[in-house]
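The values are calculated or read from the model by the stated rules, or taken from the named source; none is laboratory data. Note that the coordinates shown come from a computational prediction; the quantities given were computed from them, not determined experimentally. When we count neighbours, we look across all protein chains shown, and the Cβ atoms used for this are built from the backbone with ideal geometry, even at glycine.
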Amino acid sequence: MSPEYPFDEAATARAVIDDSGVLVEWNAGAERLLGHPAAEILGRPAMDLLADGGHRGSGAPEGERWDGILTLRHRDGGDITVWLLAHRLRPQDAGPDRWLVVTPIEADGPRLPDDPLDNVGLLESPCAIAIYDERLRLRRINPVMAEVLSLSEEHVRGLRAPELTGRAQSYDIERQLLRVLTTGRGTDVRTYVPVGGDRTYAWLARMAPITDGKGRVRGVSVAAHDFTDQYLAKERLQLVNEASVRIGTTLDVTRTAQELADICVPALADFVSVDLLDPPEHGGELPSGRLTAPVVLRRAAHRSVNHGTPEAVVKPGTVDEYPAPSPQADALLAGHAIVASASTGDLGPWLSWDPARAERIREYGVHTTMSVPIQARGTTLGVTVLTRFKNPEPFTPDDVLLAEEITARAAVCIDNARRYSRERDTALALQRSLLPRSLPRTAALEAASRYLPAARSGVGGDWFDVIPLSGLRVAMVVGDVVGHGIQASATMGRLRTAVRTLADIDLAPDELLTHLDDLVVRLSEETGNEGSPGEVGATCLYAVYDPVSRRCTLARAGHPSPVIVPPGGEPREIELPAGPPLGLGGLPFESAEIELREGTVLSFYTDGLIETRERDVDASHALLCEALTARSDSLDETCDHVLRALLPPGGAADDVALLLARTQGLPASRVATWDIPADPALVAPIRKQVVEQLGTWSLSQASFTAELVVSELVTNAIRYGIHPIRLRLIHDAATLICEVSDTSHTAPHLRRAKTFDEGGRGLLLVAQLTQRWGSRHTTDGKTIWAEIGLVDEE
């Protein structure tokens, strides 16, 4: 021994026994006690060391600690009666438990005259006192310490601190004792050690050196004060603070219920279940009056100290009915927490209604149950049930207060989440109703779309649309209103309606955005207070594709540019003039025109698709281009592939609108064009050429109607228009389109002729004979068009 290491390993007989009863460790003190060397005894059953009839203890080891007197057989055949102390060792790697068995061989170390350890006067103190000698072996304890340890001084004298408790924390205490012994300076130590069972005791110990008359350190005194109550109060306060942080991190009801269960295990209970009342089918509030049994609840979450939650009878999401008496129903009917335990006999009647639950109770040894109603704003939301089976302590009144406090905090979060979910469902239903349920089938393109609400902030104002225009042209629009919620969805609906209205009068993309910008400015003024403008804003991309010319005209207002994928080519972003967002007012918008090959895929999207926390915009663009080039003939599959590639598994932070369109072209053989001379007498030859063209297209059934329409439109153009005049026929699968263009910007309008009027009946006749008709302005003038349906004609 040395001052730095004063421990005499041979002063204590120490052995370790594994879970099968085999000796796996054997020290020099054990060899000194029984005569067996380690090489001879290791691997043998510990029962071989017992002498016949030598058992005088309290039985086989149970719990965390055992002590008793046993008669052991010495190697020479003799019997030795000794007191043994056994500690259960629980390995950190979740392996099998082992037992540490110790007994002191030399209760006292070498004694000197006037030994200062014999004259310590602190043993009458109300504090727990222990005296350690120079070998840091226990010399004396007072009655208070003996009561704390539940061991007598006679038996434990000569043990080291780790041998006394069998806990890993005791090695830290022994290091502190050694420091006091070697330095001669006292210290204060705060430690938390399970003593005599599963309960953890908090100790504040004052370690002081014991010196002789010459000032030499001869031992260490330990005066320990139990401040477990203060420690537990602090732990409860910390648990409440932790609950305020960990519960309610999202506005998801199920997630919040799971957070409530997680925070209570194992700090407060060994198993916790959270059951909630289902909301009304058509929305609204839960009933605020007194509930009646039986109560129907849905398991929202549960948590256990055991992996896989084997104690649970129902799975999360399962609906179960709870009669009275039952932990769930009784607490909900009473409106306050109820505790039942096996010791008081009131746990059995609670479980008599369900044999499966009663069997689980017996299987896992549940001894205490506490049911706490989940209530917020005067409404009952559900119930939390907490049970203990590994923790031997019953629920105390402080535990009940703690459970009620944590549940009350969770109840507010669950209620907020439920209200948010209801509002989100309402906003989502409004959003879905304002978006197109299906995209129209047109001869110009094939389209597919997706809309995903934001994972956290809910629905927003993203929208998309495909609008058929005259002349087989089609408009594509994608927009994004600033903000989230019902207000953003309502604003989106107004803007989508406005775009459709403006599209019906065939405005050019840049002009349409100008009118839309004026509308957003007016909406912003309407939402402002006392004349100050509001915060309504939006972005928009509007494009018109003509399948006859295969040209697409686009304009944007603060919106991301689309990405196109030519057939067999590489994806690229279309370079468009960067128009300002809608709502600024007074700033111009510019359009660009590009020619598209048949089969080109256009990708329109909102910024929620590419602006994520996981990556920058450039990286998102690269992923988008890669996803668009995936080999698939289905645009729906491509949409799904794009969303999987760009959005995180938990959903996007902003809502996302995606519109994909594959262009189609109209063959030149389906289009016929004539230049019309300024002579009304030549209208008849024009009609004849139209009839011949319809014969070529096998549309002779529509000749009569087409002649009347062409005659009226051409005659009006010659009479009221400005040359040059052009007639164009477009043959679609189900429609024949007649278009007459001139350079005048004056458009005709439908009016009903009076009885004696000689004119004014032409356009009325056209309206009666065609599916629809109208006019659109062009850069060179105007075009009057009419569509003749071919299905009925055939």
Does R432 satisfy the condition of being outside any helix (DSSP H, G or I) and without any contact (Cβ under 8 Å) to a residue 24 or more places away in the chain?
no
Segment 288-394: strands (runs of 3 or more DSSP E) wholly inside it with 2 or more residues that are in the same structural domain as F271 (by TED's automatic domain parsing), in contact with a helix residue (DSSP H, G or I) (Cβ under 8 Å, 6 or more places away or on another chain) and closer than 20 Å to C264 by Cα are 295-304, 338-341, 368-376, 379-388
Could you check, for segment 157-171, whether at least one of its residues is surrounded by fewer than 18 Cβ atoms within 10 Å (Cβ to Cβ) and of a type in the set (S, T, Y)?
yes
Anything in segment 326-362 that is charged (D, E, K, R) and free of Cβ contacts under 8 Å to residues at least 40 places away in the same chain? List them, or say none.
D346, E359, R362
I'd like to know if segment 445-456 contains one or more residues that are surrounded by fewer than 17 Cβ atoms within 10 Å (Cβ to Cβ), touching a residue at least 60 places away in the same chain (Cβ under 8 Å) and within 26 Å of the chain's Cα centre (by Cα).
yes
For the subset of segment 465-500 comprising residues that are touching a helix residue (DSSP H, G or I) at 6+ places or on another chain (Cβ under 8 Å) and of a type in the set (D, E, K, R), which member is farthest from L729 (Cα to Cα)?
D480
Among the numbered criteria (1) in the same structural domain as A538 (by TED's automatic domain parsing); (2) farther than 30 Å from G483 by Cβ; (3) in contact (Cβ under 8 Å) with a residue 40 or more places away in the chain, which one does E712 miss?
(1)
Do we find a residue being assigned to a helix (DSSP H, G or I), in contact with a Pro (Cβ under 9 Å, 6 or more places away or on another chain) and surrounded by fewer than 20 Cβ atoms within 10 Å (Cβ to Cβ) anywhere in segment 706-716?
yes
Can you confirm whether segment 645-654 contains a residue that is among the small types (G, A, S), part of a helix (DSSP H, G or I) and over 27 Å from V482 (Cα atoms)?
no
Which of the following residues is farther than 28 Å from I69 by Cα, under 45 Å from the mean Cα position of the chain (by Cα) and not in a loop (DSSP other than H, G, I, E, B): V180, V189, V220?
V189
Exclusive hit being assigned by TED's automatic domain parsing to the domain that holds I141 and either modelled with pLDDT of 85 or more or out of contact with any Leu (no Cβ under 8 Å at 6 or more places or on another chain) (or both), set P126, P91:
P126
Residues in segment 615-630 that are surrounded by 15 or more Cβ atoms within 10 Å (Cβ to Cβ), over 27 Å from the mean Cα position of the chain (by Cα) and of a type in the set (A, V, I, L, M): how many?
1
Looking only at segment 501-515, filter to residues that are part of a helix (DSSP H, G or I) and either β-branched (V, I, T) or touching a strand residue (DSSP E or B) at 6+ places or on another chain (Cβ under 6 Å) (or both); which one of those is nearest to G586 (Cα to Cα)?
T514
How many residues of segment 233-248 are in contact with a helix residue (DSSP H, G or I) (Cβ under 7 Å, 6 or more places away or on another chain) and either in a loop (DSSP other than H, G, I, E, B) or of a type outside the set (D, E) (or both)? The answer is 8
If I go through segment 438-466 residue by residue, how many of them are over 18 Å from L635 (Cβ atoms) and in contact with a strand residue (DSSP E or B) (Cβ under 9 Å, 6 or more places away or on another chain)?
9
Residue check, I131 against (1) in the same structural domain as R32 (by TED's automatic domain parsing); (2) out of contact with any Asp or Glu (no Cβ under 8 Å at 6 or more places or on another chain); (3) more than 19 Å from E25 (Cα to Cα); (4) modelled with pLDDT of 85 or more, all met but one. Which one?
(1)
Of the residues V477, V544, V466, V482, only one is surrounded by fewer than 20 Cβ atoms within 10 Å (Cβ to Cβ), outside any helix (DSSP H, G or I) and not charged (D, E, K, R); which?
V482
So which of P667, P677, P649 is modelled with pLDDT under 90, within 30 Å of R255 (Cα to Cα) and either surrounded by fewer than 18 Cβ atoms within 10 Å (Cβ to Cβ) or not assigned by TED's automatic domain parsing to the domain that holds L609 (or both)?
P649
